[in-house]
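Engineer: Submitted below is the structure of interest, expressed as structure tokens.
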Amino acid sequence: MRPFQFHCPSSAAEALQKHSRDQKTHYLGGGTNLIDLMKEDVERPDHLIEVADLPFKEITQTANGGLMLGATLNNNKTANHRLVRKNFPLLTMAMLSAATEQIRNMATNGGNLLQRTRCPYYFETSMPCNKREPGSGCGALNGANSKSAIFGWSESCVATHPSDMCVALAALNAKVHVEQADGSSRVIPFTEFHRLPGDQPEKDTNLETGELITGIELPKSEFPDHYYYYKVRERSSYAFALVSAAVGLQMQGNTIIKAGLALGKVAHKPWKLENVERFLEGKEASLSTFEAAAELAFEDAQPLSKNEYKIELGKKTLVQALVRAAARS
Amino acid sequence: MKPSNQPSSQDRKLGKEEEQLLDDLGIFGQSRRTFLNQMSAAGISLMAVPYFTSDMFAQAPKAPDLDPESLLNALEVNLKINGDTYPLQVDSRMTLLDALRERLNLTGSKKGCDHGQCGACTVLIDGKRKLSCLTLSATCKDKEITTVEGLAQGTDLHPVQAAFLKHDGFQCGYCTPGQICSAVSLLDEAKRGEVSYVTENVKDEVTQLSDKEIRERMSGNICRCGAYNNIVQAIQEVHSGKAEMPRWEFATEQELEASRTAE
Ligand SMILES: Cc1cc2nc3c(=O)[nH]c(=O)nc-3n(C[C@H](O)[C@H](O)[C@H](O)COP(=O)(O)OP(=O)(O)OC[C@H]3O[C@@H](n4cnc5c(N)ncnc54)[C@H](O)[C@@H]3O)c2cc1C
Ligand code: SF4
Ligand code: FES
Ligand code: FES
């Protein structure tokens, strides 16, 4: 690991000031991604600003009946919070499918959103990778791409976003609250938070340099009863997904009133299925409806040389998640 | 050779843990005496148990302060570990795991992968299980750290440690300190009713864990020797409070004889 200066600010304002003054600076949340990448020599910051102990550790009810999740609260505490479990069990399930108890006790909500891809070329500094070193080429495009994207990729990057939490947040229409150095703040809808690679794969999100995530807002609970996060992976625990599906349904009898849907590990960002949500609204819950929904979801898939399997696997994953969500009473 | 400070099995009074352990294993009377003699002749394992406690580790010499010139971005940290405070000067890059092992002689926590992938370095920070290999020492100011060395009370093992011995929850033992710290934390999480990905409905509280729940919650601790079944049994016993017979037992005289004559 390369040398860096460590800073431990006591307020968000101090953290933001510090960040704007120094080049090559990173905030440090739980460190479960950043410290790993620094050990791999992929990240080489000159300054680390610890934010994990900043006072964004609350979960509060918002005026319109939703929740605000503090950015520095850890993943386990968030997932197990009484109000999250009661009103947003889809988020609890997705968060608890990730990593391990130890890692979730460390990982912050803000850091989870900004975790980098698990593309093997990104981790291996002797390999070409536009995300790590812009202009060096994309090793995965015609290389080991069995776990790469099938939607929204570009010639410059075919990586996927690895977070499980973010798939549920996309299905639930969350919003990200951030603060800037001049003291102002802004709110970013979740679908606009992460971006597609285009010709700037080094940028995962639309966050500006130095912006600090302070909270994640969940709108009024819509899917407290019919929910499922289905994660398919190479071993049954402690592994990233090959494909995952987050499903929330609002039902009246057997009729679907509303749906919140997103897929994980198929694109550079959580893959929100807006057209499929609309397709399901007003339909009867049945296997044939769900299979038609899955066909629609993967209509535009563009597989690479080694990941065509993700289409069939993805359809089945989505159908299973829909079946299980609908079957809950 | 037997270490000279260790009394021989005949004249040495057994500790509470040892008595309990042997009771649990169903080794009484003459066979207990034979067993103890065998163990002390071999100078291993069971009899060593009470010596591997915090008392012994607390006497380990404190690392000398490094020449500040040799440190880049040196920081002062007061590490509170197992109830003791260690003022230490560290390079900003030094992980908690390296501080424990390389500077403080607390080598119970193990380095398996150094990348958050195996759980061998698991310690408790403010009562929560975390990975010391991905934790910078600089972030540990004012936090209470418990390592495997701090679990026993004097010669009384933590119930999880005793259960690992009874159920043979290890082979080489490398992953064991991490497994044990992890399991200690798991028991608290269960008391708080926390749920997991395999919980049927995460809206319900779960305080009685099935073996499946224990497996999922322990998946962050990889065991290269594959001692998983015994690890789950050990944790289940402490969690449920229901004593179980270990899956292993000593061969009887007849069985030993049979195996001798078979060859
Ligand atoms: C072995 C292993 C297995 C894993 N498995 C999974 C899995 O199955 N599913 C899954 O979803 N994840 C998995 N993860 C990833 C894990 O969820 C992330 O590493 C974690 O969520 C990152 O959070 P953190 O607080 O530790 O972030 P850090 O590592 O501290 O930071 C990550 C990034 O976020 C930035 N940052 C942190 N906080 C803020 C803030 N408040 N504002 C602005 N920027 C900020 C940092 O500067 C850094 O760039 C795994 C990780 C490991 C090591
Ligand atoms: S897919 Fe993206 S992260 Fe992977 S090698 Fe190509 S540019 Fe790098
Ligand atoms: S050494 Fe920390 S997880 Fe492997
Ligand atoms: S006992 Fe050998 S690795 Fe677990």
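Just so you know, all these numbers are worked out from the coordinates, no wet-lab data involved. Computed from a predicted model, the values in this text were never measured in an experiment. Positions of Cβ are generated from backbone atoms using ideal geometry, with glycine treated the same way; all protein chains shown enter the neighbour counts.
Engineer: Nearest 10 degrees, 0 to 90: what angle lies between the long axis of helix A:309-327 and the longest principal axis of chain A (Cα atoms)?
Structural biologist: Helix A:309-327 sits roughly 70 degrees off the main axis of chain A.
Engineer: Could you list the chymotrypsin sites (Phe, Trp or Tyr not before Pro) in region B:193-254 that lie in coil according to DSSP, counting only those with at most 16 other Cβ atoms within 10 Å of their Cβ? Working shown, then result.
Structural biologist: Details: sites: B:Y197, B:Y228, B:W248, B:F250; in loops: B:Y197, B:W248, B:F250.
Hits after loop and neighbour filter: B:W248, B:F250.
Engineer: With each pseudo-label sitting 7 Å past Cα toward Cβ, what's the A:T255-A:S329 distance in nm, one decimal?
Structural biologist: Each label point is offset 7 Å from its Cα along the Cβ direction, giving 2.2 nm.
Engineer: Then there is this: Taking 0.36 nm per residue of sequence separation and subtracting the Cα-Cα distance, how much length would be gained by fully extending the chain between A:S288 and A:R44, in nm to one decimal?
Structural biologist: Working: separation 244, 0.36 × 244 = 87.84 nm, distance 5.11 nm.
Length gained, A:S288 through A:R44: 82.7 nm.
Engineer: For chain A, take the longest principal axis of its alpha carbons; what is the angle in degrees between that and the long axis of helix A:287-298, to the nearest 10 within 0 to 90?
Structural biologist: So the inclination is approximately 40 degrees.
Engineer: Just the number, please: percent antiparallel of the DSSP beta bridges in the protein assembly as shown, rounded to the nearest 5. List each step's numbers first, then the result.
Structural biologist: Values: 56 of 65 bridges.
About 85 percent, rounded to the nearest 5.
Engineer: If you count, for each residue, the other Cβ atoms within 10 Å and average over each peptide, how do A:57-67, A:242-252, B:252-262 line up from highest to lowest? Walk me through the numbers on the way to the answer.
Structural biologist: Working: A:57-67: 13.7, A:242-252: 24.7, B:252-262: 9.3.
Order by mean packing, descending: A:242-252, A:57-67, B:252-262.
Engineer: Nearest 0.05, what FRET efficiency do B:L14 and B:C225 give at R0 = 22 Å with Cβ-Cβ as r? Don't jump to the answer; show the numbers that get you there.
Structural biologist: Working: r = 29 Å, r/R0 = 1.30.
Result of the calculation: an efficiency of 0.15.
Engineer: Enter the mean number of other protein chain beta carbons within 10 Å of the beta carbon of each residue in B:132-145, as an integer.
Structural biologist: The shielding value for this peptide is 4.
Engineer: Just give me a number: lysine pairs in region B:67-213, eight or more positions apart or cross-chain, with C-alpha atoms less than 20 Å apart.
Structural biologist: Pairs that pass both the separation and distance tests number 18.
Engineer: Multiplying the sequence separation of B:W248 and B:D211 by 0.36 nm and subtracting their Cα-Cα distance, what value in nm do you get?
Structural biologist: Values: separation 37, 0.36 × 37 = 13.32 nm, distance 1.88 nm.
Gain in length upon complete extension: 11.4 nm.
Engineer: Can you tell me the dipole magnitude for region A:227-327 around its Cα centre, using point charges on the Cβ only (Lys, Arg +1; Asp, Glu -1), in Debye to the nearest 20? Intermediate values should be presented prior to the final figure.
Structural biologist: Numbers: 14 positive and 11 negative charges, 97 e Å.
Magnitude of the dipole: close to 460 debye.
Engineer: Need one number: nm distance between label points at B:K141 and B:C172, each 7 Å from Cα along Cα→Cβ, rounded to one decimal.
Structural biologist: With each label placed 7 Å out from Cα toward Cβ, I get 3.9 nm.
Engineer: Give me a single rounded figure for A:86-93: the average over its residues of other chain Cβ atoms within 10 Å of their Cβ. Could you put the intermediate results ahead of the total?
Structural biologist: On the way: counts 2, 1, 1, 5, 1, 1, 6, 6.
Taking all residues of A:86-93 together, the mean is 3.
Engineer: Moving on to the next point. Using per-residue counts of other Cβ atoms within 10 Å, averaged over each peptide, order A:106-114, B:216-224, A:188-196 from highest down. Kindly include the intermediate steps, with their values, before the conclusion.
Structural biologist: Working: A:106-114: 25.9, B:216-224: 22.1, A:188-196: 17.8.
In decreasing order of mean packing, A:106-114, B:216-224, A:188-196 become A:106-114, B:216-224, A:188-196.
Engineer: What average number of partner chain Cβ atoms lie no more than 10 Å from the Cβ of the residues making up B:196-206? Spell out each step's value before the answer.
Structural biologist: Details: counts 8, 13, 4, 4, 1, 7, 15, 10, 2, 3, 0.
The shielding value for this peptide is 6.
Engineer: From the C-alpha coordinates alone, can you work out the Kirkwood hydrodynamic radius of region B:157-263, in Å? Numbers along the way, then the final one.
Structural biologist: Working: mean 1/r = 0.0660 Å⁻¹.
Kirkwood radius, region B:157-263: 15.1 Å.
Engineer: Tell me the label-point distance for the pair A:S20, B:T261, using the 7 Å Cα-to-Cβ offset, in nm and rounded to one decimal.
Structural biologist: The answer from the label model is 9.0 nm.
Engineer: Tell me the angle of helix A:12-21 to the major Cα principal axis of chain A, expressed in degrees between 0 and 90 and rounded to the nearest ten.
Structural biologist: It works out to around 60 degrees.
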